[in-house]
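The values are calculated or read from the model by the stated rules, or taken from the named source; none is laboratory data. In this text, all values refer to a predicted model and were calculated from it rather than measured experimentally. Cβ placement follows ideal geometry from the backbone for every residue including glycine, while neighbour counts extend to all protein chains displayed. Quick note on the areas: whole protein, heavy atoms, side chains included, nothing else; ligands and nucleic acids left out. Shrake-Rupley method; radii C 1.70, N 1.55, O 1.52, S 1.80 Å.
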Number of protein chains: 2
Amino acid sequence: MIKVNLEYTGLNDLSQEVKDSEIIKVDAMIRNRTGAGADFLGWVDWPVNFDSTEYKAMKKVAKNLRSKIDTLIVIGIGGSYLGTRAADEMIRGLNHSDKVEVIYAGHTMSSSYTDQLTKYLKNKHFGIAVVSKSGTTTEPGIAFRILEGQLVQQVGAEAAKELIVAITDKSKGALKALADQKGYQTFEIPDDIGGRFSVLTPVGIFPLLVAGVNTDNIFDGAKKARKQLSKHDLANSAYQYAAARYVLNTKYGYKTEALVSYESQMQLLTEWWKQLFGESEGKDGKGLLPTSMVFSTDLHSLGQWVQEGTRNVMFETVIRVKKPLANVKVPKNKDNLDELNYLTSKTLHEINSTAIEGVLDAHFNVGKMPNIVLEFDKMDDEMFGYLVYWFEMAVAMSAYLLEVNPFNQPGVDIYKKNMFKLLGKPE
Amino acid sequence: MIKVNLEYTGLNDLSQEVKDSEIIKVDAMIRNRTGAGADFLGWVDWPVNFDSTEYKAMKKVAKNLRSKIDTLIVIGIGGSYLGTRAADEMIRGLNHSDKVEVIYAGHTMSSSYTDQLTKYLKNKHFGIAVVSKSGTTTEPGIAFRILEGQLVQQVGAEAAKELIVAITDKSKGALKALADQKGYQTFEIPDDIGGRFSVLTPVGIFPLLVAGVNTDNIFDGAKKARKQLSKHDLANSAYQYAAARYVLNTKYGYKTEALVSYESQMQLLTEWWKQLFGESEGKDGKGLLPTSMVFSTDLHSLGQWVQEGTRNVMFETVIRVKKPLANVKVPKNKDNLDELNYLTSKTLHEINSTAIEGVLDAHFNVGKMPNIVLEFDKMDDEMFGYLVYWFEMAVAMSAYLLEVNPFNQPGVDIYKKNMFKLLGKPE
């Protein structure tokens, strides 16, 4: 369901750039769990290993919650919400008419945002899915304290029990203790899957069920990816992508990778991808800076820089969706005052495809900017499950190629330690 | 209203890095209109020169439109919508309860997006503000043809006349001709102000009026900025910012600037900023790649890369808002199961401020990543007008320092030419 096209990269033969033996060596580290951070490889077999009893329980609780609310607040930061939001926007779209609106909180400490949200929720029937392994992370902790309080005030403590669900550690931590004491339903974040790899666990699946997304199809996609990515060498498409970006970075000196899509509803997907790659690779003074663009809009914004700005800094990775969710035609118009009648025999998707051809030629052949093209079959629930697994395999490969641990994030704690010291947090 | 703080950059004395005489020379090019692209300097005096008769007419038309609709579709791409959207989100916030919802179209050719939007609008009372100098730009042109057709179908051609407003050239072009023929109200895009500098013209002001934003305050802010930025040398704060980023780029070799805010509702502001700087500077093989982050969320995503990834590629420019729109406290909680009671004497804004201190220290002192800090007084309509003018002055200075024309965008046409050829557009 994802094909890697390197014809606009200048890399004529990938196997000349990275030896298959290197790929096979890293592949064995992933599959045999022999590399750094191997305790966090639970995601590799998750599509077939997840607990079907818990999945059934989640479906039941989600169905009940969905029947009671018009707004779901997902409280979480980083990997606790980015994958959920990426799936929600990509699958449901940006202007859907589903009965449940999903709003995210706990990813900011802005009092402007928080104040407006609490006012907005006063007339809503809302529920909360709070996602935190420990329950003591500052941002989601504060948001939960505020919004739990508001919900209890609006509906009473007894009714709130059915409206609050915690996704957290199976036995340890403040959130688990709190949920058990107050009688909130909990679902488990597995110990061997880190935050940025966790969207297919209850972290993402539970809120997506409440949002009415078909998560069976997501799992089907992930299973399909796991099956199709069984190759140990460069025949594996995820490894092709990993190897190409590794070579552009370490051999040709590119420092930044921009993930580009032509679909506004994939913008959050690029945010999820930024965490996955930035946090997995950005350590020991290494790693590409992940950035993103959405075309057409950014062709009329960053497009100028991409075409003619500083060279040899950035390359693009372009997501090209082959099949749109719907076909729209350019309507006929007698007057033709806008001079667009030459397009009326075409669908928007055909015009967009032509734009992509034009852009690839302009950026690579004229602008000398390498473009990796990722051809996606479609853009739906099944595709989401597939691409999650695919990018996870790719990042494990590329981080190990860089000789960094793909599964830790030691740098994230530094600001926290500073902040706790300044805030006088008790030891 | 904006103070530049360089203490986390390592630039101890800016006047040692860039001579005041260089700044004064470029300042004269801007104010005396002697540099490249000087035909597009209309924005410099716009805050005092704009046509008050047209402004009054806009207010009247906007008031009428606002009374008739629940949804405003702003059709435009690049500078025709980014500033509007930045203002809308920053000023109204992300979860406002205003009666008019604003949705953007014409910035994408995705048929998935377009199809969903047309379905969503079936049960809405919507109006259209279409923004295009020529009216023949492909993306907004197609979107307008589709949505104008839908509106006429839903309410009839006669009623649609009051619901469609075109912001376009004063006399030339397809959109002007179309609007005149069909009886749509038009407002004028000035000839001497380019798209990315145009948010304070009818391009942004008209839709913002319909959205219920106080545009008088926006103009007050812009006037204040124009007055406060009267200095010709490094005493001018916008020039301090321009000079600092120019030095980090050309003398110290940084290739990328990330604009960072701690307010989710400023995310679109960073998108507007990307176009302003990327399109003004990114030419002749020069210019910083503009990227952006929103903290706290991105501290748990890109934060790892920022702290410990590849060095000497990126620097940060951090927007720090001094006064929040509202004060929210961390509520008290007897049980303290989440261990956050040590914060209950503090407002969220105080905690967020402490986070900023902790992050600046972590990123600069530990991570060796330079941080320019922009201290904003507040985050409202007046501030928006101020910052627009301030960044516009800054980019004119920095682009001229790079010896490029800040006001053209020759690279944007290359993909279009390719596309038109592939689509068989008539000459």
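Across region A:212-225, what is the total count of residues that are open to solvent by 50 Å² or more (accessible area, probe 1.4 Å) and closer than 21 Å to A:ASN95 by Cα?
So the count comes out to 1.
Does region A:308-320 hold any residues that are touching a helix residue (DSSP H, G or I) at 6+ places or on another chain (Cβ under 8 Å) and open to solvent by 10 Å² or more (accessible area, probe 1.4 Å), and which are they?
Passing the criteria: only A:ARG320.
Of everything in region B:106-125, what is in contact with a helix residue (DSSP H, G or I) (Cβ under 8 Å, 6 or more places away or on another chain), farther than 22 Å from B:GLY194 by Cβ and more than 7 Å from chain A (Cβ to nearest Cβ)? Give them in sequence order.
Hits for region B:106-125 are B:THR118, B:LEU121, B:LYS122, B:HIS125.
Only one residue in B:ASP233, B:ASP216 is without any contact (Cβ under 8 Å) to a residue 24 or more places away in the chain and among the charged types (D, E, K, R), so which one is that?
Being without any contact (Cβ under 8 Å) to a residue 24 or more places away in the chain and among the charged types (D, E, K, R) holds for just one of B:ASP233, B:ASP216, which is B:ASP216.
Report whether or not A:ILE164 is within 14 Å of chain B (Cβ to nearest Cβ) and over 18 Å from A:LYS133 (Cβ atoms).
no
Going by the structure shown, is A:PHE364 assigned to a helix (DSSP H, G or I), under 21 Å from A:ARG245 (Cα atoms) and touching a residue at least 12 places away in the same chain (Cβ under 8 Å)?
Against the criterion (assigned to a helix (DSSP H, G or I), under 21 Å from A:ARG245 (Cα atoms) and touching a residue at least 12 places away in the same chain (Cβ under 8 Å)), A:PHE364 qualifies.
Looking at region B:97-116, which of its residues are in a strand (DSSP E or B) and open to solvent by less than 30 Å² (accessible area, probe 1.4 Å)?
Scanning region B:97-116 gives B:VAL102, B:ILE103, B:TYR104, B:ALA105.
Just one of B:LYS346, B:LYS283, B:LYS378 is modelled with pLDDT under 95, among the basic types (Lys, Arg) and out of contact with any His (no Cβ under 6 Å at 6 or more places or on another chain); which is it?
B:LYS346
Tally up the residues in region B:14-48 that are open to solvent by 70 Å² or more (accessible area, probe 1.4 Å) and of a type in the set (D, E, K, R), please.
6
Would you check if B:LEU65 is aliphatic (A, V, I, L, M), more than 24 Å from B:PHE407 (Cα to Cα) and outside the structural domain of B:SER198 (by TED's automatic domain parsing)?
Here the answer is no, as B:LEU65 does not meet what is asked.
Restricting to region A:302-332, count the residues that are part of a loop (DSSP other than H, G, I, E, B) and either of a type in the set (Val, Ile, Thr) or under 30 Å from B:GLU308 (Cβ atoms) (or both).
Within region A:302-332, residues that are part of a loop (DSSP other than H, G, I, E, B) and either of a type in the set (Val, Ile, Thr) or under 30 Å from B:GLU308 (Cβ atoms) (or both) number 8.
Right, A:ASN123: touching a Phe, Trp or Tyr at 6+ places or on another chain (Cβ under 6 Å) and within 18 Å of B:HIS96 (Cβ to Cβ) or not?
No: the conditions fail for A:ASN123.
Scan region A:126-152 residue by residue and report those that are more than 9 Å from chain B (Cβ to nearest Cβ), of a type outside the set (Asp, Glu) and in contact with a strand residue (DSSP E or B) (Cβ under 7 Å, 6 or more places away or on another chain).
Residues satisfying the conditions are A:PHE126, A:GLY127, A:ILE128, A:ALA129, A:VAL130, A:VAL131, A:SER132, A:LYS133, A:PRO140, A:ALA143, A:LEU147, A:LEU151.
Residues in region A:233-267 that are over 25 Å from A:ALA355 (Cβ atoms), open to solvent by less than 20 Å² (accessible area, probe 1.4 Å) and assigned to a helix (DSSP H, G or I): how many?
Selection size over region A:233-267: 5.
Looking at (1) without any contact (Cβ under 8 Å) to a residue 60 or more places away in the chain; (2) open to solvent by less than 10 Å² (accessible area, probe 1.4 Å), find the lone condition where B:GLY287 falls short.
Tallying (1) without any contact (Cβ under 8 Å) to a residue 60 or more places away in the chain; (2) open to solvent by less than 10 Å² (accessible area, probe 1.4 Å), B:GLY287 fails exactly one: (1).
Which one of A:GLU316, A:GLU357 is closer than 15 Å to A:GLU257 by Cβ and assigned by TED's automatic domain parsing to the domain that holds A:TYR262?
Answer to the selection: A:GLU316.
What number of residues within region A:297-354 satisfy the criterion of being in contact with an Asp or Glu (Cβ under 6 Å, 6 or more places away or on another chain), within 7 Å of chain B (Cβ to nearest Cβ) and closer than 28 Å to A:LYS378 by Cβ?
Counting residues in region A:297-354 that are in contact with an Asp or Glu (Cβ under 6 Å, 6 or more places away or on another chain), within 7 Å of chain B (Cβ to nearest Cβ) and closer than 28 Å to A:LYS378 by Cβ gives 2.
Restricting attention to region A:268-282, does a residue exist that is open to solvent by 50 Å² or more (accessible area, probe 1.4 Å) and free of Cβ contacts under 8 Å to residues at least 60 places away in the same chain?
No, every residue in region A:268-282 fails to be open to solvent by 50 Å² or more (accessible area, probe 1.4 Å) and free of Cβ contacts under 8 Å to residues at least 60 places away in the same chain.
What do you reckon, is A:ILE103 modelled with pLDDT of 95 or more, closer than 19 Å to A:LEU65 by Cβ and not acidic (Asp, Glu)?
The answer is yes for A:ILE103.
Could you pull out the residue among A:ARG92, A:ARG85, A:ARG66 that is under 30 Å from B:LYS124 (Cα atoms), basic (Lys, Arg) and either open to solvent by less than 50 Å² (accessible area, probe 1.4 Å) or touching a Cys at 6+ places or on another chain (Cβ under 7 Å) (or both)?
A:ARG92
Does A:ASP51 qualify as being surrounded by fewer than 21 Cβ atoms within 10 Å (Cβ to Cβ) and either hydroxyl-bearing (Ser, Thr, Tyr) or within 14 Å of another protein chain (Cβ to nearest Cβ) (or both)?
Against the criterion (surrounded by fewer than 21 Cβ atoms within 10 Å (Cβ to Cβ) and either hydroxyl-bearing (Ser, Thr, Tyr) or within 14 Å of another protein chain (Cβ to nearest Cβ) (or both)), A:ASP51 does not qualify.
So the check is Cβ under 7 Å with 6+ separation or different chains; which pairs have a first residue in region A:404-427 that's more than 8 Å from chain B (Cβ to nearest Cβ) and in contact (Cβ under 8 Å) with a residue 60 or more places away in the chain and a second one that's among the polar types (S, T, N, Q) and surrounded by 17 or more Cβ atoms within 10 Å (Cβ to Cβ)?
Sorted first by the residue in region A:404-427, then by its partner, the pairs are A:PRO406/A:SER280.
Given A:LYS224, A:LYS283, which one is basic (Lys, Arg), assigned to a loop (DSSP other than H, G, I, E, B) and either away from chain B (no Cβ under 14 Å) or more than 30 Å from A:LEU348 (Cβ to Cβ) (or both)?
Checking each option against the conditions leaves just A:LYS283.
Which one of these does B:ALA87 not meet: (1) outside any strand (DSSP E or B); (2) facing chain A (nearest Cβ under 10 Å)?
All conditions are met except number (2).
Report yes if B:TYR81 is within 7 Å of chain A (Cβ to nearest Cβ) and without any contact (Cβ under 8 Å) to a residue 60 or more places away in the chain, otherwise no.
No, not satisfied.
Yes or no, residue by residue, for (1) assigned by TED's automatic domain parsing to the domain that holds A:ILE205; (2) in contact with a helix residue (DSSP H, G or I) (Cβ under 8 Å, 6 or more places away or on another chain):
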site: A:ILE30; (1), (2): no, yes
site: A:SER52; (1), (2): yes, no
site: A:ASP70; (1), (2): yes, no
site: A:LEU82; (1), (2): yes, yes
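Considering each residue of region B:375-403, count those that are acidic (Asp, Glu), part of a loop (DSSP other than H, G, I, E, B) and either within 11 Å of chain A (Cβ to nearest Cβ) or in contact with a helix residue (DSSP H, G or I) (Cβ under 9 Å, 6 or more places away or on another chain) (or both), and give that number.
Of the residues in region B:375-403, 2 are acidic (Asp, Glu), part of a loop (DSSP other than H, G, I, E, B) and either within 11 Å of chain A (Cβ to nearest Cβ) or in contact with a helix residue (DSSP H, G or I) (Cβ under 9 Å, 6 or more places away or on another chain) (or both).
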